[in-house]
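J.: Have a look at this one before I ask anything.
Where a number appears in this text, it was derived from the coordinates with a stated rule and is not lab data. Everything numeric in this text was worked out from a predicted model, so none of it was measured. With ideal geometry, Cβ positions are generated from the backbone for all residues, glycine too; neighbour counts draw on all protein chains shown.
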Amino acid sequence: MSLLSRVLPLLAVGLAVLSGCSVSAGTDPDVSADSVTQLERDYGGADGLRDFFDENPTEVIQQALGSYGIGYVVHPYQTETDAQLISDCVKYFPSSDRNIWHNFNGEFYFIDTAGRPSRAYADLPPIVAQARISACQTSIGQWGDAEDPSNDYDGGHLIGSQLGGWGGRANIVPQDANFNRGNWAQLENAMALCGNLPAGGMRYSISVGYANTSALVPSTFGMVITNKATSSSVTMAFTNVDGGGTNGTATRGRGVTFLTSNGCR
């Protein structure tokens, strides 16, 4: 990410503060539901935004994101129970949790304006498996079945539990069961072999897209994996159907090959 692209958003925040304009989250009537996508673009993608999170204090992040109408909250984290405070198993998150980036112990989760999980970022290793919350996974899969009775859904993790992802709702969405247990699981298993890399050496960014503001079941999944030492990356796009779509198996193969060639073996 270039120095200029890092500085420009901060300059915008500074000018807003100097002019007396508010930058608090959720107050700008012109902020669109797609503001998080614009935010990522302005910071050079998911990697650039994650770098910004890592390199700046909470107050600076809150001001910068506030200019997009987006909130940022750092949650105290001592145990998995703490993480569950905002990842209780709700179908849609309440307004107090929406349009906010939630930082739990260096993992970042975005809840969209409709109260659904939308983004998840993690840097690995360390890789420490987290306990699953089976009842929540089951409920989320059943919500998907109810919305689309023609298909079979699991509660699928954005960041796999074997990779340290939360066991609660902020990290789980209705995911096509065949896709979740097949190509997606194989990518997670390949990521789990990155434990011998330098700490934080592999960046893992997940996005999900929804057909409309009322849909509970995502229509698309995106995954970007970046080797931070070399800046090499692989970008993958899937649809939420069997296999992750027509090109799902080939796409999974590209991801596994990238991980293997970058030392995850």
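J.: Highest mean first, how do 249-255, 169-175 rank when packing is the count of other Cβ atoms within 10 Å averaged over residues?
T.: The packing order, highest mean first, is 169-175, 249-255.
J.: What is the order of VAL60, VAL256, fewest Cβ neighbours within 10 Å to most?
T.: VAL60, VAL256
J.: Which residues among region 227-245 fall inside the zone where the amide N is under 15 Å from a point 7 Å beyond the Cα of ASN151, along Cα→Cβ?
T.: 238-245
J.: For region 124-265, what is the per residue volume of the convex hull drawn over the alpha-carbon atoms, in cubic angstrom? If you can, show how the numbers build up before the last one.
T.: Values: hull volume 13.6 nm³, N = 142.
Expressed per residue, the convex hull around the Cα atoms of region 124-265 is 96 Å³.
J.: When only alpha-carbon atoms are used, what values of Rg and Dmax, in angstrom, describe region 58-179?
T.: Looking at region 58-179, its Cα Rg and Dmax stand at 14.5, 47 Å.
J.: How do GLU40, GLU55 line up, fewest other C-beta atoms within 10 Å first?
T.: GLU55, GLU40
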